[in-house]
Amino acid sequence: MRIAADMKRFLQVDGAGRMLFTLFCYGIGMGILAPMNAIYLSESIGLSKNEVVSIFVVSLLLNMGTTITVGLLSDKLRSRKRLVIAAALLCLVGLIIYMNAEGYVQALIGMCVVSAPSGLIMGQLFAISRNHFARLAGDIVEMAQIWLRAGYSVGFFCGLLAGANLYLIATFQGVLWGNFAGYAMLVILLLFYREHSEEKKQANMGASEPFSLIMLIALLLLACADAIRGLYLPLVVKTLFGKPEYMSYIWSSQAVFELLFMTIAGYWAAKYGSKIIILIGGFGALITYTIYALRSPLIVFFLIQPIYSFFVSILYGVAMGYVQRMFAGRTGFGASLYVFISLTASLIGYLLPLFIEGYDPSIFVIPIALVSISITIMSIVLIRERRLSQLPQ
């Protein structure tokens, strides 16, 4: 009953439907390219493994720098919407360069121009949405953030399915134009969105969390493991089963569970605490990476997706809100910090598997180790908090 009432209230908030549709369309555009990006660089342009990784690393470094710099300054801006529109237009220019690349240098330039503003876009979109709901429906701020993130995820997985079919119909050019359409749609929809600027005296930004560097490190390790999966699983799937489009189908099978799991995880986090739910999600990731490392049959890759979907729902829903609440008074910085953690994780995740030859499933021994360390850290934090709570006041 509470979920139904909260969802009804969410949809009745002025501008909520438009923001949800904007993130859904943006997710479609991102999902179309995501599993094919490394394969495009490897097969269509003919780059080596080290060249592919170097392109991702350089573009990520630029993305990280842009994201955290804008995050530090964005809370002083009067309009975040204009910033996001300008960033998306720059991404469109970069995509034109990228899709016409014939060698390493052109691919690097195109990827850098596309990637540098992308973290800025995600961080500021969620800062915009948090301010929006804090002003108009402060009692459902946290669940609104989760549902908006779920809308992006559902769009992303729809994009994965669309990307697989675009690849079969129009090869990599069709996939790249699909990504182009996602950024273009974001620009068009934002032009018609009325931004609600943050009020300095605004108090109802949702509950706050104490700052915890050790928990940020634990989240970074989980995100590192997910980044390794994001880049290398498509290449491992192609090595094991021979067809790159299988990865889009495997990934898109998560879409069925994403909205449900994010909603459930959000209410559980409100009831039991974010840290314990993130810990439970870590165990789901550990199971999945073990399956990947064991060279399981294709059907098992599909069957394990609901478990991994639960982990991703927590990592991108509950964990995002947890980090934002550490900086409840600085929405732009809080949202950008979470994206910065994800980008840092991607950088580390891309580099670690270079120590393993080729695209062998043994790569997933690395995320198994990372998740195990993260689980240990979070368990220690929770045990310490329980002991402190039991001490006499």
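The numbers here are math on the coordinates, done by the rules we state, and not lab data. Quick caveat, the model's predicted, so the values are computed rather than measured. We place every Cβ from the backbone using ideal geometry, glycine too, and count neighbours over all the protein chains shown.
Summary table
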{"quantity": "The chain: relative contact order in percent, alpha carbon pairs under 8 Å with at least 6 residues between", "calculated": "26"}
{"quantity": "Three principal axis lengths of the range 34-106 [C-alpha, angstrom, descending]", "calculated": "45, 22, 21"}
{"quantity": "Largest-first principal axis extents of the Cα set of the range 1-62 (Å)", "calculated": "53, 23, 21"}
{"quantity": "HN-Hα J in Hz across the range 89-97 - Karplus 6.51, -1.76, 1.60, θ = phi - 60°, x for Gly and Pro", "calculated": "5, 5, 4, 5, 5, x, 5, 4, 5"}
{"quantity": "Phi to ³J(HN,Hα) by Karplus 6.51 cos²θ - 1.76 cosθ + 1.60 over the range 334-340, Hz, x for Gly, Pro", "calculated": "x, 5, 5, 4, 4, 5, 4"}
{"quantity": "Alpha carbon convex hull of the range 12-153, volume per residue in cubic angstrom", "calculated": "107"}
{"quantity": "HN-Hα J in Hz across the range 212-220 - Karplus 6.51, -1.76, 1.60, θ = phi - 60°, x for Gly and Pro", "calculated": "9, 4, 5, 6, 5, 5, 4, 5, 4"}
{"quantity": "Cα pair distances exceeding 29 angstrom across the chain, given as percent", "calculated": "40"}
{"quantity": "Estimated inter-spin distance, Leu260 and Asp139, nm [label 7 Å along Cα→Cβ]", "calculated": "2.8"}
{"quantity": "Packing rank of 7-20, 228-241, where each peptide gets the mean count of other beta carbons within 10 Å, highest leading", "calculated": "228-241, 7-20"}
{"quantity": "Helical contribution to [θ] at 222 nm, DSSP H n ≥ 4, -39,500 (n - 2.57), averaged over the chain, rounded to 500", "calculated": "-26000 deg cm²/dmol"}
